[in-house]
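Each reported figure results from applying straightforward, stated rules to the coordinates on display, with no laboratory input. What you are looking at is a predicted structure, and each value in this text was computed from that prediction instead of being measured. Heads up, the Cβs are rebuilt from the backbone with ideal geometry, glycines too, and the neighbour counts pull from every protein chain shown.
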């Protein structure tokens, strides 16, 4: 099942699977999210979930400023990552912004 969610840049799709597992649709298509999705239990907000379902790892779950270690190894504030304020890890132009939500 596909669910549409919103962030500051617009909308993004989330594939929903059994047992509370999810993947952002493009991360799933690129293979950055495992088949069957990521278990999102334990994440405290949408920013932490978005980090995980796009192939990243949340550092500091439950803290005031959790960070997202993204698929390219860069760190970005989890909320800024959700809001599309971090450079797109797939864009060779580092000032291009996050195109995932466009």
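Per-structure values
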| item | result |
| --- | --- |
| Potential extension, residue 1-residue 19 segment - 0.36 nm per residue separation minus Cα distance | 5.2 nm |
| Computed over the chain: relative contact order in percent, which uses C-alpha pairs under 8 Å that are six or more apart | 20 percent |
| Pairwise label distance in nanometres, residue 61 with residue 39, each label 7 Å out on the Cα-Cβ vector | 0.9 nm |
| Projected-area average for the stretch 2-101 over all orientations - Cα convex hull basis, square nanometres | 5.8 nm² |
| Efficiency of FRET between residue 26 and residue 85 - r from beta-carbon atoms, R0 22 angstrom, step 0.05 | 0.80 |
